Amino acid sequence: FILTGPRTFGLKETGAAPKQAAKPQATQAKSLTAAKSPGNTYSFTDSAEKVLEKFGNKRPMRYRAITDKALEMGWLNTCGKTPEASMYAQILTCKS
């Protein structure tokens with residue numbers, strides 16, 4: 001993942017231009033992206049990658065749009081009240 005603008009992310013493989021971002025703080029929660037969930041759902045970062053590959057048209061997308069599309073497609077199953085905030089945090093902490 002590449003931060004391409006405020007709250008906007010793209011995939012490195014598609015040639016998205018990176019933006020300098022502050023390093024994540026060490027106090028952030030552990031990554032929830034270890035493995036696929038049972039069934040057809042995926043972790044936050046896996047579902048974000050699927051959304052960007054399928055719907056991004058090789059262009060960055062805002063994290064809220066990524067989250068909305070992942071939920072719409074059924075690729076992300078979360079009981080949290082702010083899945084877009086979780087998506088944002090997970091993408092920021094992802095080491096690719």
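Between T41 and N77, what length in nm is gained on full extension when 0.36 nm per residue of separation is reduced by their alpha carbon distance? Walk me through the intermediate numbers first.
On the way: separation 36, 0.36 × 36 = 12.96 nm, distance 0.62 nm.
Contour length minus Cα-Cα distance gives 12.3 nm.
What residues have an amide H closer than 5 Å to that of Y42, excluding those fewer than 5 places away on the same chain, when H is modeled at 1.01 Å from N in the peptide plane?
S37, L76, N77
Here, each number is a calculation from the coordinates, and none is a lab measurement. Quick caveat, the model's predicted, so the values are computed rather than measured.
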